[in-house]
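Written below as structure tokens is the structure these notes are about.
The values are calculated or read from the model by the stated rules, or taken from the named source; none is laboratory data. Every value quoted in this text rests on a predicted model; they were computed, and no experiment measured them. Using ideal geometry, Cβ is built from the backbone for each residue, glycine included, and neighbour counts are taken over all protein chains shown.
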Amino acid sequence: MLQPHAHMLSRLVLIAVTSTLLVTALVYLRGWIALRSVFPTLIPGWRLAAFMSGLALVWTAVVSPLAALDHQLLTIHMMKHLLLMTVAAPLILAGRPTFPLVCGLPKLFIRSHHAEAGLPARWLEYCRQHPVWCWLAGTAAVIGWHLPAAFQSGMRSHGMHALEDISFLAAGLLFWWPIVQSSPSATRSLGWSMALYLFLATLPCDILSAFLVFCNRLVYPFYSSHPHPFTLPPLADQECAGALMWVWVTFAYLIPAVTITIRMLSPSNSRSQGPIQAALPGVAGHSRNGTEAEVA
């Protein structure tokens, strides 16, 4: 009785997730075409490709045949979460989804939900201005769902498993929001803090992955009671999952941090800021002289 019920539930999840992602892609495309006809350079084609790629990776990580193997291999389970948090989430944000999605919605929906839409936008803007909350959201999702009790619960319940996937995607969107959605001027002014933001994010992941690799015991007993493909022992699978997380997160977080650091140290950035800083005293003095002349 349980097998047909589980099979039917998995098919319902597949249909629901696929339909949601397809509708989101069509709404974004409709809005992108409308914006493109009025403002051809506002959202270039590569942002459309990034957004669609992000949605495709969400589908791959959640309901594809590869995702079904996460109950047999911890390595696949880890790969799913890394795809959602470190690849799909920044790609979706790189598509600048706010304008295309709003423009792609029917006008009746926009008019009847404008008040509700403003609150999430203001909250996201608050998160971008206070990135510590975004950092905490990403870290809490990684550490919280890998605690043995939470992990076992997510693997044994379809509802908890779906909540786990949603949590990783939402945490990834929040984590990358201050970096991907920031304006160029904000990125330059917050460059050093954003580099530190990314560097510090690797530390909890490094601790967790090192524990999975070197603890020499099975942390999640769930995998000992399920068949493993490729005759991979559960402990070896756990070590592979920890190593995958270690290497993946190092590249996913440190490469953008190094890129931001190089950009901050580049001579072109210093030259571009030099004339502005040199002009500021003159502008201030001119303003003061003009004010004194008017007073006189």
- Options S272, S287; residue that is over 30 Å from W145 (Cβ atoms), modelled with pLDDT under 50 and surrounded by 11 or more Cβ atoms within 10 Å (Cβ to Cβ): S272
- Query: Do you know which of the residues in the range 70-128 that are at pLDDT 85 or above and charged (D, E, K, R) is farthest from L57 (Cα to Cα)?
  - Reply: R96
- Which of the residues belonging to the range 138-152 are part of a helix (DSSP H, G or I) and either in contact with a Leu (Cβ under 8 Å, 6 or more places away or on another chain) or surrounded by fewer than 17 Cβ atoms within 10 Å (Cβ to Cβ) (or both)? G138, A140, V142, I143, G144, P148, A149, A150, Q152
- Restricting the range 7-46 to residues that are among the polar types (S, T, N, Q) and touching a helix residue (DSSP H, G or I) at 6+ places or on another chain (Cβ under 7 Å), the one surrounded by the most Cβ atoms within 10 Å (Cβ to Cβ) turns out to be T24
- Task: Select from the range 56-66 the residues that are more than 17 Å from S19 (Cα to Cα) and either of a type in the set (K, R) or surrounded by 18 or more Cβ atoms within 10 Å (Cβ to Cβ) (or both) and list them in ascending order.
- Result: none
- Note on the structure: Residue hits (the range 39-48; touching a residue at least 24 places away in the same chain (Cβ under 8 Å), assigned to a helix (DSSP H, G or I) and either out of contact with any Lys or Arg (no Cβ under 7 Å at 6 or more places or on another chain) or of a type in the set (F, W, Y) (or both)) are L48
- Only residues in the range 155-180 that are surrounded by fewer than 22 Cβ atoms within 10 Å (Cβ to Cβ) count as the first member; pair them with residues that are among the acidic types (D, E), Cβ under 9 angstrom, at least 6 apart or cross-chain, and list the lot. M155/D70; M155/E164; H161/D70
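Here is a yes/no grid of residues against (1) among the small types (G, A, S); (2) out of contact with any Gly (no Cβ under 8 Å at 6 or more places or on another chain); (3) modelled with pLDDT of 90 or more; (4) assigned to a helix (DSSP H, G or I):
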{"site": "I15", "(1), (2), (3), (4)": "no, yes, no, yes"}
{"site": "L26", "(1), (2), (3), (4)": "no, no, yes, yes"}
{"site": "L29", "(1), (2), (3), (4)": "no, no, yes, yes"}
{"site": "A34", "(1), (2), (3), (4)": "yes, no, yes, yes"}
{"site": "S37", "(1), (2), (3), (4)": "yes, yes, no, yes"}
{"site": "W59", "(1), (2), (3), (4)": "no, yes, yes, yes"}
